[in-house]
Amino acid sequence: MSLISHLYFGELGEWCAERLTGSDEVARRVTVETKEQSAVRPAERVGRRHWTQVDRAFGIRMATLVQPAPPYSALYGLVKVGLVGLDWAHRQAGLYPTHVFLREAERRRALDLRPTLTGWLDIATEHGAGKYMNDDYLSPFSRFPDFSAESILSDLFDRIRAYFAMNAPFGQVGAEKGLARLCWLLATLEYVYRNDLVDEPFYRLFQESTPTVEQLHAAADEAVVTESVELVRRLHTSGSLNEMRRLAGHPPTGRPWGIARPVFGSYWSDNDILVGGPNGATLIDVSSVIATNKLSRSRRWIWRLLACAWLDTADAYRIRNVALYFARHGVLVAWPLDALTEALLAGEDPERARREFLELASRLREESVGRGEAGDTGEDPNEGVTGNPH
């Protein structure tokens, strides 16, 4: 089980419900700040898959706003299904601006290395060699074992990097329709990292022959593309992008804002974005849900933010604030971490509570790693159901 599963359905959630007695009062703020805002909705009736596709694609777009990092899970997904080899995925990760200046030996394993605000995190070392992806995880999933798609996918990723470099300035609206198509592609590749290939029709393109880059580009779901563009427009017009810029300390044009997809607890969990600032960084969880009035869900969103901040025991990300960004409403709900912790604990000792939480989390994480389970999906397990208003 991942961190989010433990918080939603397991022992960590039980601990939070028992110890974080101020959760309901804190969670009510989510309802208050979003209830008067109209929500971006699909133009037409859509199926369940649409909601998760939009959520993943927009999450990738948000990540590219703050840092030019590799699409880690998309590259893992390609390895998992056998379209490429792990060496190819490392080489691709090493071509991204965050990783390109690593020493050659480090670039050969670039996918294992994640930038933090204080240095680098080696997730292979954190887990032990290979355990973060499972040493034998390819056997039940490799539908394309000959790596025949490496050449065409190299071309695709070269074009993706170049397009983002030219059309996606940090913290600014860019050529959003073209960017949305590429984010859909990356989100689709990312999907199979933690899900069975049979659920993703996109991979049928590879079953009979190797598709062209143009065919892959044309496969994007137009409804997802259109809605993703609207979400970026809402981010800008709502003032939330400017608020994130303030939290990031008003970085100069062309400078990255922070960290894309920070990882916590030995890659037991990841999150969407972290923006750095002069008074510490802000961890932001991005959500494309419509329904924000259920306290049980809001509590869990907030618990996850606190859990990730507590799991950063080395203070590698210097988290001093946390926030939820509701993309369909254009609302950013933020808290100073210390104030949120005090409010959730309702007078209990924060240090004692954190120690208890970390002891429990450490045991559960080791059990998950021992079973070879993947990390966090970053997705609300109920989102496909509760996010759809139809």
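Which listed residue (His250, Leu186, Phe164) has the Cα farthest towards the positive end of the charge dipole for the stretch 145-264, taking +1 on Lys and Arg C-beta and -1 on Asp and Glu C-beta about the Cα centre?
After comparing all options, I get His250.
Okay, helix-only estimate at 222 nm for the chain: each DSSP H run of n ≥ 4 adds -39500 (n - 2.57), divide by all residues, round to 500 deg cm²/dmol; what do you get?
Numbers: 18 runs with 192 residues, N = 390.
Result for the chain: -15000 deg cm²/dmol, rounded to the nearest 500.
Can you give me the % of accessible surface on the chain that is carbon or sulfur? Probe 1.4 Å, all protein chains present, nothing else counted.
Within the chain, the accessible surface is 49 percent carbon and sulfur.
Averaged over all directions, how much area does the convex hull of the C-alpha atoms of the chain cover when projected, in nm²?
Values: hull surface 71.2 nm².
It is 17.8 nm².
Multiply the residue separation of Thr226 and Tyr163 by 0.36 nm, subtract the distance between their alpha-carbon atoms, and state the gained length in nm to one decimal.
Numbers: separation 63, 0.36 × 63 = 22.68 nm, distance 1.85 nm.
This chain segment gains 20.8 nm when fully extended.
Before I look further, what does the chain give for accessible area per residue, probe 1.4 Å, in whole square angstrom? Provide the component values of the computation, followed by the final result.
Numbers: 16430 Å² over 390 residues.
Averaged over the residues of the chain, the accessible area is 42 Å².
The values are calculated or read from the model by the stated rules, or taken from the named source; none is laboratory data. Given the structure is predicted, the values throughout are model-derived calculations rather than measurements. Quick reminder, even Gly has a Cβ in these numbers, built from the backbone with ideal geometry, and neighbours come from all protein chains shown. Remember, those area values only see protein heavy atoms, side chains included, never the ligands or the DNA or RNA. Shrake-Rupley method; radii C 1.70, N 1.55, O 1.52, S 1.80 Å.
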